[in-house]
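Undergrad: Dumping the structure here so I can ask a few things about it.
The values are calculated or read from the model by the stated rules, or taken from the named source; none is laboratory data. The structure displayed is predicted, hence computed values, not measured ones. Reconstructed Cβ throughout: ideal geometry from the backbone, glycine too, with neighbour counts over all protein chains shown. Heads up: the accessible areas ignore ligands, DNA and RNA and are worked out on the full protein's heavy atoms, side chains in. Shrake-Rupley method; radii C 1.70, N 1.55, O 1.52, S 1.80 Å.
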Amino acid sequence: MTLPLSTSISSAFLRNTGAIAMAMLYTVLTFGATLAPAAAEARTASTYYTAELSTPAKEARTIIRGVVWYCKDTTCRAKKSNSRPVNVCKRLSNEMGEITSFTAKDKALADEKLAKCNS
């Protein structure tokens, strides 16, 4: 028994379409699984500067000379900028008030530099 030409063409078309759909689904799923950890890591690794203020910040988000600071209570965090840490600290101090501690890439600013920052 032979199938009519139209039936064999449509079944071949359906098989090919199904295979293409499965390949696309596999690609989307594996690509998403590959990128998901990178996105999570990028969110947690984005803090470069951390500053402790002597008084709570009035705003949750402040932009100072191109650096976006996210503050909660007395703690402010920001991504890396092109300026030296002491200059970034000084600009933050001018806008937000006295800074009790300042770190850049988990390295605390020395006491004399922190004093310069707050002057």
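Undergrad: Failed condition for Glu52, given (1) open to solvent by 100 Å² or more (accessible area, probe 1.4 Å); (2) among the charged types (D, E, K, R); (3) assigned to a strand (DSSP E or B), with all others met?
TA: Result: Glu52 passes all but (1).
Every residue, every condition in (1) assigned to a strand (DSSP E or B); (2) touching a Ser or Thr at 6+ places or on another chain (Cβ under 7 Å), yes or no:
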residue	(1), (2)
Tyr70	yes, no
Arg77	yes, yes
Val88	no, yes
Ser93	no, no
Lys116	no, no
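Undergrad: Pick from region 63-101 the residues that are more than 15 Å from Thr47 (Cβ to Cβ) and among the hydroxyl-bearing types (Ser, Thr, Tyr): which of them is most open to solvent (accessible area, probe 1.4 Å)?
TA: Thr100
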